[in-house]
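One structure is given here, and the rest of the page talks about it.
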Amino acid sequence: MHLAILMTNTDDSEFAQRHPKDGEKFTDLIRIARPGWRTSVFAVKDGDFPQDLFEFDGAMITGSPASVRSGTPWVVQLLDLIRDAHARKFPLFGACFGHQAIALALGGGLDLNPDGWVHGLTRNKLLNRPDWAAPLPDEVKLYGSHCECVRKLPMGAAAFSASGGGNTGFTLGSHIFTTQHHPEMTHDFITALTKEMQQTLGPEAYARALDSLAGCSDQQAFAESLARFFEQALQP
């Protein structure tokens, strides 16, 4: 299988240069479960879009510190592409920014997190379990880092997971799957990111984040479920 990675991460800081880029992280994620799958990375945040997305078997939209509600030209173009993909029932996975972009593009609504930053290891109650999600536990642990959230799902979407009363993922048909969190992040990376964001998070959120990192995410189970999602989405 050959997947497009639509890279939306606008962080070009010195910290970002010291760590693997999102294209590599999402490639590593899917190859946990399917080592032979290929990926091609497109820096859509720089206006680098696939000439024909639909030549691929599916696409993954990454996270970003940018806001989906920014109205910048590349975000507008991405939202149009998501709507086109949905119309064609093209397999699409979105994480964090990708989750929010898919929601907004298809008629959902976004808002600021009511309690400020969510950062660290999150615990998410699974609300429905498609066959492809069989590997996931009832409570899915994923690393997260976001200050915005999806407050309204697109019409026809089914809530996939929730945490603290808020939506943290949804499905739409058999071709769309999202999570508010970062299954691509390793424990080492989220630990480094937490320290980098200490001032941004503030003392209380920073302390909570550090405490949460005593545990690890369900990355392997998520990777297997994600691979199964793409496989079933391509079945006639």
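Observations, loosely collected:
- Any pair with Cβ under 8 angstrom, 6 or more apart, that starts in the stretch 39-62 at a residue that is within 15 Å of residue 87 (Cα to Cα) and ends at one that is at pLDDT 95 or above and of a type in the set (Gly, Ala, Ser): 53/4; 53/59; 53/85; 54/85; 58/4; 58/233; 59/4; 59/85
- Residue in the stretch 208-223 that is open to solvent by 40 Å² or more (accessible area, probe 1.4 Å), more than 22 Å from residue 28 (Cβ to Cβ) and of a type outside the set (A, V, I, L, M) present: yes
- Selection status of residue 51, farther than 30 Å from residue 199 by Cβ, touching a helix residue (DSSP H, G or I) at 6+ places or on another chain (Cβ under 9 Å) and surrounded by fewer than 16 Cβ atoms within 10 Å (Cβ to Cβ): no
- Here the stretch 1-32 is the region considered, the condition is being among the hydroxyl-bearing types (Ser, Thr, Tyr) and either out of contact with any strand residue (DSSP E or B) (no Cβ under 8 Å at 6 or more places or on another chain) or in a loop (DSSP other than H, G, I, E, B) (or both), and the residue that is least open to solvent (accessible area, probe 1.4 Å) is 8.
The values are calculated or read from the model by the stated rules, or taken from the named source; none is laboratory data. As the structure is a prediction and not an experimental result, all values here were calculated from the model. FYI the Cβ positions are ideal-geometry reconstructions off the backbone, even for glycines, and counts take in every protein chain you see. These area figures cover heavy atoms from the full protein model, side chains too; ligands, DNA and RNA do not enter into them. Shrake-Rupley method; radii C 1.70, N 1.55, O 1.52, S 1.80 Å.
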